[in-house]
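Structure first, commentary second.
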């Protein structure tokens, strides 16, 4: 029979996620998709409490803020550019933006308070790395999670190498000894630097993840979400209209592949029942 795909094997992961775990997901769109799927299946999951994050520095900063629980203040507020008329912070995705600083702080700190309490009890952390490229504010030297549509002259763009990326995430792992970490690289291509530039960035993240898995084999493992989309689902029918993001079908497929690989055998029956329940809940009566 003719082979029409290049299957990516996803054997059972060495680390497990149980229905009794508290799970925090940080990172790009794949974290959001996986978090939604886990929650729909009855897992206790908290997804992207600062919104979607892409680079290792911003993800590490988010973990630090969750550990400390230190509220955001007036100094953290920044007006968005491009005439948006909104206030956000350089630590958040623009989905957190509000019309005034008090409104932003109320929302951001309510989310932080809840998320920080959850983080301290969490046993599993899923991190999806999007890019090795970062933006640093010229005025303060801080690496931002989002440029907030402000002028490019306010930022310097730089790329982490694999050693630096691994070192940044290693500190998160070392400071949270009670948590296991699942790493993945987002399959979404960042094409600002062209396909070759995207490949260098993704390769940097894969190398960093590999280094962390070898450094902490009992607490860190890697799931090949990047490889599944680019190899097994390489046909453009598995992509959205922009031909960059995976389609909703592909994103759900990859999320389910992760869950199948992470759930222990003795909970597979419960997982199957949870999927049936979720399917019934999503069903719409068309009569």
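The strands (runs of 3 or more DSSP E) located wholly in region 10-113 that include 2 or more residues which are under 18 Å from the mean Cα position of the chain (by Cα) occupy 22-27, 44-47.
Within region 81-96, being out of contact with any helix residue (DSSP H, G or I) (no Cβ under 7 Å at 6 or more places or on another chain) and more than 14 Å from residue 49 (Cβ to Cβ) holds for 81, 82, 83, 84, 85, 86, 90, 94.
All conditions but one from (1) part of a helix (DSSP H, G or I); (2) closer than 27 Å to residue 42 by Cβ apply to residue 221; the one that does not is (1). Residue 159 meets all of the listed conditions (1) surrounded by 14 or more Cβ atoms within 10 Å (Cβ to Cβ); (2) in contact (Cβ under 8 Å) with a residue 60 or more places away in the chain but one, namely (2). Checked against the criterion of being assigned to a helix (DSSP H, G or I), at pLDDT 95 or above and either within 24 Å of residue 133 (Cα to Cα) or in contact with a strand residue (DSSP E or B) (Cβ under 9 Å, 6 or more places away or on another chain) (or both), the candidates 230, 271, 207 yield just one match: 207.
Restricted to region 190-200, and to residues that are surrounded by 12 or more Cβ atoms within 10 Å (Cβ to Cβ) and modelled with pLDDT of 80 or more, which residue is nearest to residue 28 (Cα to Cα)? Filtering first and then ranking leaves 198. Taken over region 204-221, the criterion of being surrounded by 14 or more Cβ atoms within 10 Å (Cβ to Cβ) and free of Cβ contacts under 8 Å to residues at least 40 places away in the same chain is satisfied by 206, 210, 213.
Residues in region 249-283 that are free of Cβ contacts under 8 Å to residues at least 12 places away in the same chain and within 18 Å of residue 186 (Cα to Cα): 249 only. Is there a residue in region 244-251 that is more than 20 Å from residue 131 (Cβ to Cβ), touching a helix residue (DSSP H, G or I) at 6+ places or on another chain (Cβ under 8 Å), in a loop (DSSP other than H, G, I, E, B) and modelled with pLDDT under 95? The answer is yes, given that some residue of region 244-251 is more than 20 Å from residue 131 (Cβ to Cβ), touching a helix residue (DSSP H, G or I) at 6+ places or on another chain (Cβ under 8 Å), in a loop (DSSP other than H, G, I, E, B) and modelled with pLDDT under 95. Taking region 43-58 as the range and being crowded, with 21+ Cβ neighbours inside 10 Å and closer than 22 Å to residue 133 by Cα as the test, the residues that pass are 48, 49, 50, 52, 53, 54, 55, 56, 57, 58. Residues that are at pLDDT below 95 and crowded, with 19+ Cβ neighbours inside 10 Å do occur in region 163-186.
The values are calculated or read from the model by the stated rules, or taken from the named source; none is laboratory data. Everything numeric in this text was worked out from a predicted model, so none of it was measured. Positions of Cβ are backbone-derived with ideal geometry, glycine not excepted, and every protein chain shown enters the neighbour counts.
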